[in-house]
Amino acid sequence: MVDLPVFDGTDRLVQLIGALIRRARHGDRPRELRDGAWVELADRRQRAGRKGLPMVCLVRPGEHRLLLPALHERLERAKPGGVRCAYLAFGDKAAPLDSVMAVRDCLREARNILANSPRASDGRLRFPRFTLAGWLMDQQFDDDDPHRDRTLRTRIQNLGLAQRLITAQQRVEDVLASQSAWWRIGLWLLRGVTVVTFRIAVTGRVPLLSRQYRWFMRQPHLAPRTYGNFVTFARRLTKEELPKEVAQDAARLLVNAFLEDLRREYRLRWWQVWRKRRMTYPTLLLDDVSMTNGGYLILRLINDVRNQVGLFDPLLVISASVDVPPDAGRDPTRPRYDAANALDAYRAWQNQLLADRRARLENAWYLPIRIPGEPTEEVRRRVSMTIAAHSGYAATRGEARPAWWESRRVRLTLPAVAAAVAVSGLAAHNRSQAADHGHWLAEHCGTGSALLIETGTQCIGVTDGSHDLFQPSDPVIRGVEQTILQQNKQAATLHRQAPQRPYIALIEVEALTSPTNAPSGLTAEREALEGLAVAQWRQLRAPGVADPIVRVLIANAGQGMREGSRLGQQISTLATQDTGLLADSTLAGVVGLDQSNTATEATIKALTTIGIPMVADTPSADVLTGDSPMYFQVSPQNRREAAVAAAFADHLASSAATITRAVRIYYVDDSSDTYSTNLREDLVSSFRARGFPTEAVAFTPNTASGASGASGANSADSANSGQPVHQKYQDRTVDNSTAAGRDTCNYNGFAYFAGHDIPDFQDFMSSAIQCGSRATVIGDDDMSRYVADAAARGQNLGMPYFYESFALAPSAAAQGSAQDFYSDLNALFPFERPPATQSLDGHAALSFDAASVMITATGLLRQGPAPVPVTPTSVWREITAIHGPNNLIAGVSGTIDFGGDVTEHVPQNKPVAILRVDKGGVDPILAGFCGNAADHPASPWCP
């Protein structure tokens, strides 16, 4: 036994090496010394920067030449189980500085020692990649061999499992030679499959199947992908071709293969339940290394590969030399630490590792430690006592146990426990089918319909009116749903009586979850459903054979339309499976869509994917018409709304000298709010075109429910809210809508509110009233929803304001088709008769017009010489035919004419009305009206 040399710091050096050899209890976390104990780093960011094993370079004087052999003996005999370590003495042997074969031979010797360590108790190490690379370097071909790739492929096949399988099949075939020919045919097929499988694997392109071949094609050395497949690349490593390659790259390939094999051997895969977790790192001891004997070359290659690959490898390298690698002492500042400060040296190396790796320094992984000469007697006595106190071997190895969940006992027990749990779970399932059925009902809103899904806070899906989807609801809302349900039953009866008439289903998609947590917040959605009910009611009484019978289905897309994509999947199920909800009708399309936000855009795309045409009622964002060729709308776009607002303000400023000719546009500071940001841009453009000094003022919604619950034409998707908008039109930002209202104090110009939320507009008006604002307030079309909420409207009585609407109010001004519509609406829903709850916002009219588009398009299918079958696609095609003097629709909200162009999805010159609210009441006389409408003249100032 070789005695361990004693010098000042022997104990600290042994302590450091012992800590580096021991593996962390979980993963490969680096450790640091705290209060005399080695502690695993818990902080993930610190672990990422310090993870790795150094190359400990011991710079020793001649009298300590036996330092590494002594360490080697103690590591091999360490308890329990020993440490895998390979001791290589370089001595005076010479090796070329770039000798690939010298590197291979050195690593091959280390492989043989590490793989067959007799005292190691953690299983055998395998090195398939390094072995294959070294084997390839010994291969040579006959000079007259014209098919060297084929020859090499055959040799590689003979190395592996494929050849052993073929040999076994041949033996079985010899035994069964006298048996039926079917046995031999089966064996031939199996042999063919084996050969084909190997041919596929050796390409290096197939995960799992290609294994080490795939690794060679993906590692960074010698540009393997240039050559297409593994065999072509492997021929470059043979004895004839290798001299043509860059020697350094070939050597790095060998080192990387050696380290990759160690990485994989130390990776505990989930199916290897029988294997122990290796708790010590293999150690490579390189003695007497120098620049001329190849020792420095091995160290430099390991350093380069670690810098380039960036992966952790479980190899501890300890070298001993007279000079300091890699510069052989050219840098007088290295090493900075001696053995007595070995622990400080390691700590300093850890702290600097991340920066050195990023810089790819040639000494990033070197940890040089100077070994002092002969110690004094006092130092010798102190160090010897310290080593003896740690009982020698234990200081080098010590006991290490894996985390409990990675122990072999746990990994063997878990599959058995999992199987027992599975059996118990199956038995429990059989005993609890009734309970499961109750749970299924709870998941589907307490109904038996798979088209209704309970999300935990709201019910999403499609119904025929038999289930209340308004959340929350009230008797008025439930009465409207019951009307729809009764008319659906009448439609089914009429279809049986007149089967020659088209029988179509229209789905009203709305955000039926209230943003205010009160039924009054769903007034606009309720009135939209009423408008659709009027359209259905009229079709039940239509006498013509070509007049469609309409079945109405109600769909909730969730608060803010955020569940629209999921709803699209349910509508796809409805259209393709016999769920019974269609009741023999044909799904013609979707109406409604309720809001202009990113969630609505997602809903449009989901419905387009399944081929469902859509006619929206209130959405107005310019971008929506470009999202899908199957999307249409009956409301005007934001650019027209902005042009009318600017013309109206121009008219007021010209006729009232008390109004300053300037405008401030208040909009939501949220890039996901499609409506508000788009309207702001259109408003700035329109007002500036009329010479108005313009400011765009952004504000943040006061509550998260504001963005998510905005209704009408416009809402932000709260899932993405809070992303500030920084575009060329933003001039200022205020904290919230309350601050936006205060911003109008001492301001005498126009204040245009381009928000969407009822609470936000209410706060805006309240703060403006409190400071005595003299601004002329104009609200966007979505403020019609605020007006529809009588309770909210009644809270701000001290300041008049204007707002834009996309439909004529049901007042004395309503004539012709509008008068007929509101007569039918009041007859069907008596509670809507003025001056009761009717909101004057026109949502019912817009919904009626959207349904009229679908109904008219279906009727056009029966006007040709041969009736065209009613499908979503055929209905979509006929929507574009709604134009001209014969096919246009004299809608309640104005004339609907799509212009005869398949790219046009918005009615031409669609009306925009401007109404005035004063002391909580809506003036029945319109402040302005612009657009094509047979029943109402346009104002002279219209754009």
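No value in this document is a laboratory result; all are computed from the given coordinates. The model shown is predicted, which means the values in this text are computed figures rather than measured ones. Reconstructed Cβ throughout: ideal geometry from the backbone, glycine too, with neighbour counts over all protein chains shown.
Before moving on, here are some points about what is shown:
- Distance violations [Cα-Cα > 31 Å] among K605/K910; K51/K79; K239/K276: K239/K276
- Volume per residue of the C-alpha convex hull in region 842-943, rounded to whole Å³: 117
- Burial ranking of peptide ranges 860-867, 23-30, 420-427 (average Cβ count within 10 Å, highest at the top): 23-30, 860-867, 420-427
- The ranking of S654, S676 by Cβ neighbour count inside 10 Å, starting from the fewest, reads S654, S676.
- Mean separation of Cα contacts under 8 Å, 6 or more apart, over the residue count of region 566-703: relative contact order %: 20
- Residues whose amide H falls under 5 Å from that of I371, counting only those 5 or more places apart or on a different chain, are V59, R60, with hydrogens built in the peptide plane.
- Shown for region 198-328 is the translational diffusion coefficient from the Stokes-Einstein equation, using the Kirkwood radius over Cα pairs, a temperature of 20 °C and a viscosity of 1.002 mPa s: 127 µm²/s.
- Of every Cα-Cα pair in the chain, the percent that sits beyond 36 Å: 65
- E601, E377, E904 arranged by Cβ crowding within 10 Å, fewest neighbours leading: E377, E904, E601
- Ranked S773, S628, criterion: other C-beta atoms within 10 Å, fewest first: S628, S773
- The chain, relative contact order [Cα under 8 Å, separation at least 6], %: 10
- Among beta bridges identified by DSSP and lying wholly in the chain, the antiparallel ones come to about 25 percent.
- Centroid-to-centroid separation of region 896-915 and region 321-362 [C-alpha atoms, Å]: 76
- In nm, spacing of pseudo-spin labels at V322 and E443 (7 Å Cα→C-beta vector): 7.8
- Charge-dipole axis of the chain as Lys and Arg at +1 and Asp and Glu at -1 on Cβ define it, positive-most pick from P325, L581, C745: P325
- Charged neighbours of L861, selected by a Cβ distance under 13 Å, balance to +1 (K, R count +1; D, E count -1).
- Contour minus Cα-Cα distance for Q770 and H26 (0.36 nm per residue): 261.4 nm
- Added length on full extension, which subtracts the Cα-Cα distance from 0.36 nm per residue, A359 to N746: 133.3 nm
- Applying a 4.7 Å Cβ-Cβ cutoff to the chain, the cysteines left without a disulfide-compatible partner are C57, C85, C106.
- The chain - charge dipole about Cα centre, Lys and Arg +1 at Cβ, Asp and Glu -1, debye rounded to 20: 5480
- Order by protection proxy (mean Cβ within 10 Å, highest first), peptides 108-114, 916-922, 240-246: 108-114, 916-922, 240-246
- Descending by average beta-carbon neighbour count within 10 Å, the peptides 755-765, 526-536, 445-455 line up as 755-765, 526-536, 445-455, the highest first.
- Ellipticity at 222 nm from helices only: DSSP H runs of n ≥ 4 in the chain, each -39500 (n - 2.57), divided by the residue count, give -13000 deg cm²/dmol.
- Gain on full extension, evaluated as 0.36 nm per residue between V39 and A790 minus their Cα-Cα distance, stands at 263.7 nm.
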